[in-house]
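A short write-up of the structure that comes next.
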Amino acid sequence: MIETAFILQTIGDTLYTFFQNIRVVDVLDILIISSFLYIVLNLLRQSASRRSLFSLLVILVVYALARLTGMYLTELLIEGLFIIILIGFIVVFQSDIRRIIDSVGNWKFFTESLPDSSDIATSVITEAIAKMADQRMGALIVFKGQEDWDRHIHGGIELDGKITIPLLHSIFNEKAPGHDGAVLSDGRRILKFGVHLPLSTNLYKLSRGGTRHTAALGLSEKCDALVIVVSEERGVISIAKNGQIKELDSHSDLKKHLDDFWAEHYQPDSASFKQWGEHRSMKTAMAACSLAFLLWLSFAYPSETVYRSYDIPIEYSNLESSSYALQDAAPLQARITLSGSEQAFRNFDPSKALISFDMTSEDTEDLKLDIDNNNIKLPSGLHLFEADPASLNLRKRNFVATDLPVKVPTTGTVAEGFEIDSVVPSPNFVTILIDSAAASIDSVLTEPVDLNEIQEESTQEKTLQLGGGKFRLPENSSPIISITINVRKTQL
């Protein structure tokens with residue numbers, strides 16, 4: 001009982017940590033990848049390379065388990081073989097990848113549909129094929145889907161004729177020159193006849209049948225066309241679609257398959273990208289979601305916590321104008337340690353990080369500034385683990401009003417033949433608020449006055465120098481001082 005409770009507690013803690021680490025963007029990430037995999041799996045579901053795909057999924061599952069459970073050697077081995085696995089995947093699935101790219105290029109948001117005469121068209125085709133089957137007249141008819149077939153077919157004679165029973169019978173008459181080839185149709189007209197189709201190499205799918213059946217299966221493996229075959233020896237009707245071929249029991253079965261194909265590819269909105277998923281299976285959707293989840297676990301889930309330290313500069317906003325001062329010299333940077341996943345650290349640029357204190361908004365009642373997550377902007381998934389120093393001590397400043405004389409420093413010398421008579425500031429006394437903890441001063445200076453080339457009386461405006469935050473002017477007081485410089489000619 002104790003071991004069972006411990007196991008259940010461990011599972012509960014793991015699930016709690018797991019759901020704590022999942023963000024909304026992670027769910028969106030999984031959904032986007034699921035949609036992509038849904039398309040890929042639908043195109044690969046009839047592929048001859050499905051066993052290789054299953055082997056790839058097994059490797060992916062093992063890698064995900066290795067990351068979650070800490071099997072570092074297994075994880076390291078699979079990561080080392082990743083390039084080889086990727087190259088092997090491209091080699092094995094090269095034809096399927098090409099088909100996926102072709103399919104994406106054929107997506108349409110708006111689709112031209114056939115006039116509302118699909119039942120008439122499928123009835124004519126069903127009757128024509130039924131008569132050829134009764135007469136044991138071999139036939140091979142292809143109806144175009146959404147995917148391009150030009151790369152897979154060869155030869156043929158252009159026709160562009162209306163689908164009729166006499167025309168089909170004349171094409172497949174054994175005395176006609178093109179009767180051994182295939183007829184291509186877009187659902188409205190016969191485009192070509194006497195066309196050569198690619199032959200399938202998956203002969204195990206053909207229980208009985210000859211070259212026509214092999215060609216029908218071959219084209220259905222390359223694109224989403226519907227291929228109808230009439231056996232010349234047995235008079236049996238077969239259809240090939242999505243890499244599978246099967247014999248039909250009756251003419252009504254053929255009519256049903258044609259109606260379904262027309263509804264999927266030739267009716268309004270049925271072939272649009274918007275309606276694409278309506279014809280796919282729930283099993284494929286579940287497989288796509290599961291595979292996307294495994295990919296997310298393998299490459300994106302923060303399976304372990306990483307700790308890293310950085311030296312981050314500190315910025316003090318409005319400190320000099322506040323009623324507080326740091327007890328010690330203001331540090332210019334702090335050593336902080338962050339915790340989070342490897343993925344979260346990828347979004348963190350330490351060169352742009354800054355610890356910022358705005359003294360107009362900080363809570364200073366306890367005379368302390370704490371370095372915490374509120375003072376530094378961190379990307380999602382990163383947290384401040386510790387800081388050195390962890391806090392900065394403040395003291396309340398007490399300012400005393402004092403009247404001090406204004407002194408004007410000078411630089412340079414007046415022009416030759418002249419000398420300074422007087423330098424008079426206005427006002428010559430100002431009221432200064434002095435921090436009681438600061439050293440006493442007996443005057444306040446202005447910015448220096450440049451005497452170079454002065455040959456006559458002039459007036460300049462200079463600003464009082466109140467640096468360090470230990471001295472300040474009362475509110476609504478101007479720091480500008482008007483300075484009059486009087487000169488006179490030197491006596492020889």
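Values in this text are rule-based calculations from the coordinates and carry no lab data. Just so we're clear, the structure is a prediction, and the values are computed from it rather than from any experiment. As a convention, Cβ positions derive from the backbone with ideal geometry for all residues, glycine included, and neighbour counts pool all protein chains shown.
General observations
- DSSP beta bridges in the stretch 118-267 [antiparallel fraction, %, rounded to 5]: 90 percent
- Close amide H pairs (under 5 Å, H built 1.01 Å from N) link K368 with L394, residues at least 5 positions away or on another chain.
- Here's how it looks for S341: its modeled amide H is under 5 Å from those of V306, which are all 5 or more places away or on a different chain.
- Segment E342-D372, extension gain: residue separation times 0.36 nm, minus the distance between their alpha carbons: 8.7 nm
- Distance in nm between pseudo-label sites at E386 and Q135 (7 Å out along the Cβ direction from Cα): 9.3 nm
- Alpha-carbon centroids, the stretch 403-438 and the stretch 114-176: separation in whole Å: 107 Å
- Shape category assigned to the stretch 197-257 from the gyration tensor of Cα positions, a/c cut at 1.5: oblate
- Taking amide H as placed 1.01 Å from N in the peptide plane, V430 has its amide H under 5 Å from the amide H of L404, V406, each at least 5 places away in sequence or on another chain.
- The stretch 399-489: C-alpha pair distances exceeding 22 Å, %: 34 percent
- Lysines whose Cα lies under 24 Å from that of K246, excluding same-chain neighbours fewer than 8 positions away: K131, K144, K205, K222, K255, K256, K283
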